[in-house]
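Peer 1: For reference, the structure I am asking about is given below.
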Amino acid sequence: MDYQTLGEKLKTVLKLEREPVAIKWVSREPRKIPKENGKSRFCTKLDKAMQGEIFYSTSEEEECMGGLKYTGLKDPKEFPKNMRSGSFLVPGGVYKSIPAVQRSWTNNMAVEPDIFTALIFAPLYKAEFEPDVIFIVANSRQGMELLHANAYDSGSHGLGADSGPICSSMAAIPYLTGKVTYGFGDIGSRNNMDLKDEEIMVSIPATDLERIILNLEEMKTKTFFTRKEPE
């Protein structure tokens, strides 16, 4: 499948301002893709890829516990107790208490640790590899159209994300469930990414991408999805 062409089609049919991002888990460090220069958070890596960068990242280049835990790059048992308890989130105002953190975390899915060595990030139109998940930043109408396109021929509904970190909701969950996910991001990602307040997030399992684009193209010939653009 030509994901570069699909990336161009997706951006055109939805009139996206930002580049969709291809994400792939790999068991070996790739030879023909550069390693990320320095450390950054998982959410910041998505920003870099939206801006055109192509790179891979190992646990050594990930500076966020969530990015390590939910992508499976590090076993959470290796974290210190204050990180594993979530107590560090209480002073910052993310949760009121440690029990609240723990209850919330039961809803977050994580890739099994120690299976994969690295993640590859690239703007979709430059991806010369077969991605696992496609991450999209969109406005609310574009997000709505993606969800309709997913349901158009399948009747399948996407999974709405709550306040969990996007390394789980927008990466691990679509990877593990094969479901389209959507949401507003969490406070950590929105504080660390260059996002507009009105932008939302949608992630698509790569195996569904071609189907969803074909559905979008067909839907836009139908009455409900035909509208005049504002002058």
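All of the numbers you see were taken from the coordinates with simple rules; none came from a lab. Here the structure is a predicted model, which means the values were calculated and not measured.
Peer 1: Per residue of segment 125-136, what does 6.51 cos²θ - 1.76 cosθ + 1.60 with θ = phi - 60° give for ³J(HN,Hα)? Whole Hz please, x for Gly and Pro, Karplus curve as stated.
Peer 2: Running phi through 6.51 cos²θ - 1.76 cosθ + 1.60 with θ = phi - 60° gives 5, 10, 6, 9, 9, 8, x, 9, 9, 10, 9, 10 Hz.
Peer 1: Taking the alpha-carbon distance from Lys96 and a cut-off under 19 Å, which aspartates and glutamates remain once sequence neighbours fewer than 8 residues away in the same chain are dropped?
Peer 2: List returned: Asp162, Asp186.
Peer 1: Right, here's the next one. Of Lys45/Lys220; Lys9/Lys179; Lys35/Lys69, which pairs sit farther than 23 Å apart, going by alpha carbon to alpha carbon?
Peer 2: From Lys45/Lys220; Lys9/Lys179; Lys35/Lys69, over 23 Å: Lys45/Lys220.
Peer 1: Using the alpha-carbon centroid of each, what span in Å lies between segment 21-39 and segment 158-231?
Peer 2: Here the two parts' Cα centres lie 23 Å apart.
Peer 1: For the chain, what is the largest minus smallest coordinate of the Cα atoms on each principal axis, given in angstrom and ordered from greatest to least?
Peer 2: 56, 43, 33
Peer 1: Here's something else I'd like to know. With an 8 Å cut-off on Cα pairs and a minimum separation of 6 or more residues, tell me the relative contact order of segment 1-135 in percent.
Peer 2: 44
Peer 1: Once amide H atoms are built 1.01 Å from N in the peptide plane, which residues 5 or more positions from Lys35, or in another chain, come under 5 Å H to H?
Peer 2: Placed amide hydrogens put Tyr56 under 5 Å from Lys35.
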